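Structure first, commentary second.
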Amino acid sequence: MGTSPPQTSGQRDMSRPQTPDKVLRGITRHQYAQDNILQSYELYIPELDHKHQADAKGHKYWVIFIHGGYFRDPSVTSSSFYPALGILAPESNHHHIFKNNGHGSRLSDITPYISAYASLNYRLSPHPGKAPQDPHTTPAYELRNAEWPEHIHDVLAAIAHLQSKYGFGERYLLVGHSVGATMGLLSALAAQKAPFSTTCHLDMPTIEPPMAILGVSGIYDFPLIHESVPDYVELTRNAIHNEADFALASPAKYTAKDYVDIWTAGGEKKRALVIAHSRDDGWVDWKQVEAMENALKSQSAVDVRVSEMKGQHNEIWEKGTELARVVVEAVGVMRGLEA
């Protein structure tokens, strides 16, 4: 891994697969709070499941996605899940078979078990170099001036809103890419560890934590990634102003006992974590995988798996194929908790 953040032209790869129009037409956008336009989520309910939004028998699951972008990139939003959704959605007519350890996983393996897909937005921190805003002329509703822990507050608020409206409780896979994975793991601890800050006393929404979490290209230890790439310190500080909060915002800094006590309710609930990462990521090195594994190695209440992906950091969601593949894999792991 290099010593500075990779430089990009800002142009997206136009060769990535297009999300089918039928899928795009089925996506609806909803506000879960009214302070900022980014306090929203996008929802896709497959046609065959419109009558089963809250399955009383508990045979179906939701998939909820949290985007990355280091808390600040306005070009990385809920729509970053579109390429994967275009593969996963039953209306897409895609017939992918994903190879994993020599075994094929067909999309049809999860289609009957998914009630809906949701992709979350949350308030962002400033990005003056790429997308400057004048606070004197920009409407407050559109300002990107969030400070930690407002980002994780919004993620929890979105999940709470969905749970209240659709009644799926803990029956969901929480998927996060990059810092989305950071917040996905923190969500599992929020009941006792929020607000993940030494100075902010923001009241956090209450959620039922997920049965399973899929961390994709995730950052789990900010102090550790700062050692790998010192230039990332300023990126982190742009969102998390208080350096004492770097560790509190790092899922790998919490103990196995924390996860067992809070996420599994002292071992009473079966939970699973799939850590998906590419050795060719280019932005986030493999040490992050090892840090998260080590944090949970001394317990057995959480089933921890590592899935190796192929491709660079943003390619994982831009192309969508690898993201869709590990979603299929993680849904299988989650279903196994109830076998």
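The values are calculated or read from the model by the stated rules, or taken from the named source; none is laboratory data. Note that the structure is a prediction, hence the values are computed from the model and not measured. Positions of Cβ are backbone-derived with ideal geometry, glycine not excepted, and every protein chain shown enters the neighbour counts.
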Checklist line | Residue that is farthest from Pro230 (Cα to Cα) [pool: residues in the stretch 284-311 that are assigned to a loop (DSSP other than H, G, I, E, B) and either out of contact with any helix residue (DSSP H, G or I) (no Cβ under 9 Å at 6 or more places or on another chain) or of a type in the set (Ser, Thr, Tyr) (or both)] | finding: Ser300
Next item on the list: Mind listing whichever residues of the stretch 238-254 are within 21 Å of the chain's Cα centre (by Cα) and surrounded by fewer than 17 Cβ atoms within 10 Å (Cβ to Cβ)?
Entry: Ala247
Check: Among the residues of the stretch 171-184, is any among the basic types (Lys, Arg) and either surrounded by fewer than 18 Cβ atoms within 10 Å (Cβ to Cβ) or under 23 Å from Glu243 (Cβ atoms) (or both)?
Finding: no
Note to self: For the stretch 131-169, give me the residue count where each residue is buried (at least 16 other Cβ atoms within 10 Å of the Cβ), assigned to a loop (DSSP other than H, G, I, E, B) and of a type in the set (Asp, Glu).
What the structure shows: 1
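Which one of Tyr141, Tyr122, Tyr117 is out of contact with any helix residue (DSSP H, G or I) (no Cβ under 9 Å at 6 or more places or on another chain) and aromatic (Phe, Trp, Tyr)?
Criteria check complete, one pass: Tyr141.
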Item checked: Failed item in (1) surrounded by fewer than 16 Cβ atoms within 10 Å (Cβ to Cβ); (2) out of contact with any strand residue (DSSP E or B) (no Cβ under 7 Å at 6 or more places or on another chain), with Val306 passing the rest -> (2)
Check: Does the stretch 70-85 hold any residues that are over 19 Å from Gln39 (Cβ atoms) and touching a Lys or Arg at 6+ places or on another chain (Cβ under 7 Å), and which are they?
Finding: Pro83
Notebook entry, point to check: Do the conditions hold for Gly102, that is, is it out of contact with any His (no Cβ under 9 Å at 6 or more places or on another chain) and either modelled with pLDDT under 85 or among the charged types (D, E, K, R) (or both)?
Noted result: yes
